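Engineer: There's a structure below that I have some questions on.
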Amino acid sequence: MKLLKILFYVAVVLIIFPAQGFSQQNQTIYFMDLPQSRFLNPAFQNECKFYFGFPGISSTYVGINNNSVGLNDIVFHGTGEYADSLITFLHPSYNVDDFLAKLKPVNNFSPEVHVTEFSMGFWSGDSYISFDISDKAVGHLSFPDDLLVLALKGNDSFVNDQVDLKDLALNVQYYREFGIGFSKIFSDKLTLGIKGKLLFGMADISLKNNALSVAIDKNDLYSHTILADISLNTSYPLTITHDSSGNISDIEPQYPEPVSFFLNTGNPGFGVDIGAQFEISDRFSVSASVIDIGLIRWTKDVTNLTSKGEFKFEGLDISSQFNVNDTRELGDVAQALGDSLLDTFKPVDTYNPYTTYLPIKVYLGAVFHLNDHVHLGLLSKTTIQNGRIWESGTASANFRVGRFLTTSFSYSLINSTYNNIGVGLGFRAGPFQLYFLTDRIVYEFSKYDFPNAGTVILPADLSSLNLRFGLNLMFGCKPKNPHDLPLIR
């Protein structure tokens with residue numbers, strides 16, 4: 001069953017390249033003198049009369065985060081006779097319990113990519129106006145560790161017990177955003193900003209898990225009672241085949257015509273960002289913002305697969321699908337598992353529009369100005385997604401050297417990790433401003449020798465990683481005096 005195979009591969013990719021489902025932009029950028037800092041707070045204003053993001057490379061963001069295992073826990077060099085070979089945690093020579101011990105009770109993974117195709121901003125009196133067009137792709141996978149214990153070690157650990165899988169979640173979404181921002185100085189201390197966003201969804205996979213559990217029969221370890229109330233919503237061209245009994249026998253994704261796909265306006269949505277900054281004194285200022293209050297209504301190429309009730313899952317030990325001595329290809333394993341799940345859950349297909357909501361981010365910032373060139377910042381970030389809340393924080397020291405260099409050094413607490421040292425650099429030469437920043441400097445790498453790809457050097461630990469870079473054209477950057485500069489960057 002190819003759709004489930006695709007979802008299986010998506011899950012594998014998200015595990016191998018861990019990421020962050022609780023969508024995260026660089027927190028270091030919040031304090032920097034860059035036009036893109038208003039992505040996190042629409043009240044922020046740029047000192048220049050006009051800026052224009054270089055088309056296609058104005059701002060590119062890649063975020064990869066996870067709270068669990070990393071790439072070096074998935075693929076690594078073996079020991080003994082396998083010392084010269086790359087193996088995975090499924091290899092017969094490896095104790096899979098060591099891998100399972102690294103999992104969290106609930107494991108979160110997600111990738112995120114933002115590409116800004118068009119961006120500009122300018123002053124009009126005491127107001128700052130901006131426009132942006134961006135493509136955004138975000139993914140999120142959450143699963144309890146019991147799911148992999150059941151898959152890799154079988155049923156023995158759960159005899160006469162129930163495996164609760166309510167924390168299983170999967171969302172993958174790609175959409176385009178058109179934004180118009182407006183920021184106004186209301187007094188010498190208060191600036192307010194708002195950004196309205198028109199959204200168009202391109203593709204979506206959303207798993208709605210109201211209830212999912214597996215009970216193991218103590219008299220028959222190969223018999224499971226599954227209680228399910230789940231639905232998988234998709235917005236993408238699919239062909240569904242039914243057997244003579246009316247049950248789904250196959251799901252085949254189609255390949256849409258590229259131009260119509262990328263110019264799709266059939267899944268409309270909207271969003272809004274609001275923000276404020278307030279100068280308490282000449283040396284101390286605070287700010288706050290709420291980002292991505294919005295939704296997308298999926299109406300084009302929609303398929304709903306729903307399974308609700310009690311099901312008997314017999315004749316298949318799930319762990320055998322992942323047996324370390326199994327010589328089948330990954331695609332064969334995914335196909336067998338997908339077919340078994342399809343036969344068990346017998347989903348019903350409907351074609352009703354549905355709605356997804358953007359993850360909401362709340363930022364609270366404070367800056368202490370040592371002088372006109374050195375600022376110390378603190379930032380709290382709260383992310384709200386699918387009824388769950390994640391917290392992170394950043395402290396930074398920000399320096400401005402003349403008009404040609406802006407720097408920031410940050411320390412962040414993200415995903416319960418404490419080794420996130422970040423840096424931001426912005427260089428200006430004439431009208432050109434080139435910038436690069438990350439919330440975590442990667443300093444440890446591993447070398448992998450793949451038979452068909454040669455030697456590849458990759459970060460060994462990707463518990464938290466995000467990058468943003470771009471090129472701006474800046475004009476009219478001559479403030480009357482240093483205190484005219486935005487206070488919170």
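The values are calculated or read from the model by the stated rules, or taken from the named source; none is laboratory data. Here the structure is a predicted model, which means the values were calculated and not measured. Note: ideal-geometry Cβ built from the backbone for every residue, glycine included; neighbour counts use all protein chains shown. Surface accessibility is based on the protein's heavy atoms, side chains included, excluding ligands, DNA and RNA. Shrake-Rupley method; radii C 1.70, N 1.55, O 1.52, S 1.80 Å.
Engineer: Would you be so kind as to identify which of 107, 96, 45 lies farthest towards the positive end of the dipole of segment 45-132, taking Lys and Arg as +1 and Asp and Glu as -1 on Cβ and the Cα centre as origin?
Structural biologist: Of the candidates, 45 comes out farthest on the positive side.
Engineer: Okay, moving on. Taking the Cα centre of segment 103-235 as origin, work out the dipole magnitude from +1 charges on Lys and Arg Cβ and -1 charges on Asp and Glu Cβ, in debye rounded to 20.
Structural biologist: 460
Engineer: For the pair residue 441/residue 213, report the inter-label distance in nm, with labels modelled 7 Å from Cα in the Cβ direction.
Structural biologist: 4.9
Engineer: If DNA, RNA and ligands are ignored and the probe is 1.4 Å, what is the ranking of 257, 310, 252 by accessible area, most exposed first?
Structural biologist: 310, 257, 252
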